[in-house]
Amino acid sequence: MRIPTAILAVLLAVGLVLAPAAAAQEGARVERVSGDGRVATAIEVSRSTFERADTVVMAYAHEYPDALVGAPLAAALGAPLILNDRDRMFPGVSEELERLDPQRVVLLGGRRQMGPEVVDGIEALGIAVERVSGSTRFGTAAAVAERLAQERGTATARVFVTEGIDADRTRGWPDALAVAPYAAHVGMPTLLVDTDLIPDDTARALAALAPAEVVIIGGEGAVSAAVERDLAADGRTVTRIFGPTRYATGAAVYDEAVAEGMNPATTWLATGGNYPDALSAGATVAARGDAFLLVDPVDLDRSAPTRERLAASRPDLVRILGGTAAVSDQVVEQVRDVIGAQ
């Protein structure tokens, strides 16, 4: 039975009719970039791109804000962003620092994120340590933004703003994760807000940076209309990139990023179900000029906007962050079908 065109369009829109697998694309492939846990995955991400680095940026592995706002600074410094525990050198981190042979490590966050044991471990390798931090996650984001402006030596034309904290642990991070590679690519900072207010540290950073444009990532459930009005109060242009789901928001960010030169021929995918495996990816994706999307961890068809972008761009290479606990083998096979990987 032929399905009427109008009905077919609706079914496709809600994912009830699946598109056929793409024709085979010679040389197209899908590969994982993963290690045994988030720190080991960050090390593998670093190894995928950096032979060595004069500077390494390091963030706490078990919270998301510092690593995600740190991506533009790491990109500006030509540095990988690796993760660590707060009170020890996690296995493999010292070896990665020795391989990269940096002159300095820039720690993101205060002593509660990167404690004295970490400083001692880095200095024991003969590497200088600097710290960029504030008294809260909002303050650290502000300090990173100001340090980024110093490194770039130019006015900050644009600032991205995302929700920085949420009582629901499944929220608060997806928008910041989606925008981190894009922010790193264009060299503009990400500042954090509460859903319904602009913290003092963020307000001070906005006043100091004086951007002409503020781009909110996410819908009003993440950053409220009241915050949007407050952001515009000083005459700034305020726009919003968002969709009805985290995957739609990620796809909208992807569209903007590709329009500004990020190349979807290689596209990185990170689970939209949790943040650990993608924390370090922003700087690396930007350094390579690649594209980035969030994906459902179990079924590609539950992240239809991502599937649609992959089908349209048909990347030569898709790199999936994390092991099967982050992104299932089923998703890998679905991605292979969509891009026509042999």
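The values are calculated or read from the model by the stated rules, or taken from the named source; none is laboratory data. This structure is a prediction, so every number in the text was calculated from the model and none was measured. Glycine also receives a Cβ, built like all others from the backbone with ideal geometry; neighbour counts cover every protein chain displayed.
Inside the stretch 289-342, residues that are at pLDDT below 95 and in a helix (DSSP H, G or I) make up a count of 0.
Please specify each residue of the stretch 58-82 satisfying the condition of being among the charged types (D, E, K, R) and surrounded by fewer than 24 Cβ atoms within 10 Å (Cβ to Cβ).
Answer for the stretch 58-82, where residues must be among the charged types (D, E, K, R) and surrounded by fewer than 24 Cβ atoms within 10 Å (Cβ to Cβ): just E63.
Of all the criteria given as (1) touching a Leu at 6+ places or on another chain (Cβ under 7 Å); (2) under 24 Å from Y275 (Cβ atoms), the one not satisfied by E96 is (1).
Among the residues making up the stretch 140-178, those that are small (G, A, S) and buried (at least 24 other Cβ atoms within 10 Å of the Cβ) are A141, A142, A145, G164, A176, A178. Screening the candidates T162, T140 for the property of being at negative phi, in contact (Cβ under 8 Å) with a residue 60 or more places away in the chain and assigned to a strand (DSSP E or B) yields one hit, T162. Just one of the listed residues (Q103, Q113) is surrounded by fewer than 19 Cβ atoms within 10 Å (Cβ to Cβ) and either under 30 Å from M188 (Cβ atoms) or within 24 Å of the chain's Cα centre (by Cα) (or both), namely Q103. Among all positions in the stretch 133-150, there is at least one residue which is touching a helix residue (DSSP H, G or I) at 6+ places or on another chain (Cβ under 9 Å), farther than 19 Å from Q113 by Cβ and modelled with pLDDT of 95 or more. Quick check on my filter: what residues within the stretch 189-202 are assigned to a helix (DSSP H, G or I) and within 16 Å of V69 (Cα to Cα)? Answer for the stretch 189-202, where residues must be assigned to a helix (DSSP H, G or I) and within 16 Å of V69 (Cα to Cα): D201, T202.
Looking only at the stretch 38-57, residues that are surrounded by fewer than 20 Cβ atoms within 10 Å (Cβ to Cβ), touching a residue at least 60 places away in the same chain (Cβ under 8 Å) and small (G, A, S) come to 1 in all.
Are any residues in the stretch 223-262 among the β-branched types (V, I, T) and part of a loop (DSSP other than H, G, I, E, B), and if so, which ones? Spell out the reasoning first.
Restricting attention to the stretch 223-262, the residues satisfying the condition of being among the β-branched types (V, I, T) are 223, 227, 237-239, 241, 245, 249, 253, 258.
Selection gives V223, T245.
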